[in-house]
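Please read the structure below before turning to the comments.
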Amino acid sequence: MLHAVVMAGGSGKRFWPQSRQRRPKQVLAVGGTRPLIAETMARLDGLVPVEHTHIVTHQSQVGPLLAALGVGPAPSVIEEPYGRDTAACIGLAAVHVLRADPDGVMLVMPADQVIRPVERFQQVMRAAADIAAQGDALVTFGIKPTYPATGYGYVHRGSKVCDADGVPVYEVSRFREKPAKETAEDYLASGDYYWNSGIFCWRAATILDCLRRFTPDLYAALERIAGAIATIAEATVLRETYEPLEKISIDYAVMEKAETIRVVEADFEWSDVGSWASVARLRQADADAEGNVIAADAALVDVADSLVIGEDGHLIGVVGLDDVVVVHTPDATLVCAKDRAEDVKALVAALEKSGLKDYL
């Protein structure tokens, strides 16, 4: 049986001031008209039954996430007492899936991506699930790059393995970190590199075996947690066992060490919505004649290629600026160069250091 695991932790610091500790990025409608988590769940409709869909998030974010989903059948929510990166998140989900379904196949994805069209997404996911179900391969999804991005990791594909329902499948030669621009241009020109989507598919038993081999301390913790599920001690064991865990991504913990990895060519439109600049790219179809994307009451004079977002009832005036981001909320306003949008995370860190907790 195919199970979906939606990773919905984190606070989305690059989306300050709209994103806050108790209003995380995944409940914002930055990619369209609905919250990102709602878009993700809608994308799974018809692919994975809601009763086999699991959202993994921090305990403090459960309420906002469920509210963002609105009415209707709710997926199961697996609560993390502490954020410990994706290896722990995926391992925790895997022990729950394995307990319910020893042959379960996990489709793992972040909650904060924009993917279109849904039909092609589902076709590619089904092809990957078929591959994962047949053996012990770890399957990742490579996005065909459209420009030399320096903000994404890359997957270097190896030999072609097969076509699964018309979807090309390759061995993985190597994972590459975020490159310099010249290197990214070489990757794009070669045609042998994909953007690393952060979406995975594998059997629950397979990923747990990998964690056993490559991260024995994490695996021992997961064994203890699994033994306490549905007992009176579950919450206590989870909290005590989770707190000392190392923060490590699934990429470093497993993907760069495992032997049998496949990359499925994902030719759908994809964005990880990593910063306000990516929101501007996503909404270019709504841009005015000067290239400005405006979601606010705004008056602009001699402004081009900018993003302006605000609350109803508050007028934003911008004069003589190009390539900027302006985001207004009732208690905080961001103004930054669009090409520095990634550095909003550093601004949040500065707020934390200054003790301005009311704005986090």
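The values are calculated or read from the model by the stated rules, or taken from the named source; none is laboratory data. If you're wondering where the values come from, they're calculated on a predicted model, not measured in any experiment. Don't worry about glycine lacking a Cβ; one is built from the backbone with ideal geometry, like all the others, and counts go over all protein chains shown.
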Quiz prompt | Residues located in the stretch 175-225, provided they are among the polar types (S, T, N, Q) and in contact with an Asp or Glu (Cβ under 7 Å, 6 or more places away or on another chain) | solution = 206
Quiz item: So how many residues does the stretch 1-51 have that are surrounded by fewer than 20 Cβ atoms within 10 Å (Cβ to Cβ) and among the basic types (Lys, Arg)?
Solution: 3
Quiz item: What number goes with the only condition from (1) exposed (fewer than 15 other Cβ atoms within 10 Å of the Cβ); (2) farther than 28 Å from residue 103 by Cα that residue 82 does not pass?
Solution: (1)
Quiz prompt | Selection from the stretch 104-130 of residues that are crowded, with 21+ Cβ neighbours inside 10 Å, out of contact with any Leu (no Cβ under 6 Å at 6 or more places or on another chain) and either of a type in the set (Val, Ile, Thr) or not assigned by TED's automatic domain parsing to the domain that holds residue 35 (or both) | solution = 108, 115, 124
Practice problem: Within the stretch 97-115, identify whether any single residue is under 28 Å from residue 27 (Cβ atoms), assigned to a helix (DSSP H, G or I) and within 19 Å of the chain's Cα centre (by Cα), and answer yes or no. | Solution: no
Quiz item: What about residue 254, is it at pLDDT 95 or above and either in the same structural domain as residue 30 (by TED's automatic domain parsing) or under 30 Å from residue 195 (Cβ atoms) (or both)?
Solution: yes
Exercise. Kindly indicate whether residue 205 is over 17 Å from residue 87 (Cβ atoms), assigned by TED's automatic domain parsing to the domain that holds residue 264 and either outside any strand (DSSP E or B) or hydroxyl-bearing (Ser, Thr, Tyr) (or both).
Key: no
Exercise. Kindly list the number of the only condition in (1) closer than 16 Å to residue 206 by Cβ; (2) exposed (fewer than 14 other Cβ atoms within 10 Å of the Cβ); (3) of a type outside the set (S, T, N, Q) that fails for residue 232.
Key: (1)
Quiz item: If you check 136, 101, which single one turns out to be surrounded by fewer than 16 Cβ atoms within 10 Å (Cβ to Cβ) and either closer than 20 Å to residue 251 by Cβ or not aromatic (Phe, Trp, Tyr) (or both)?
Solution: 136
Quiz item: Could you say which residue among 154, 170, 147, 194 is among the aromatic types (Phe, Trp, Tyr) and either modelled with pLDDT under 95 or over 24 Å from the mean Cα position of the chain (by Cα) (or both)?
Solution: 147
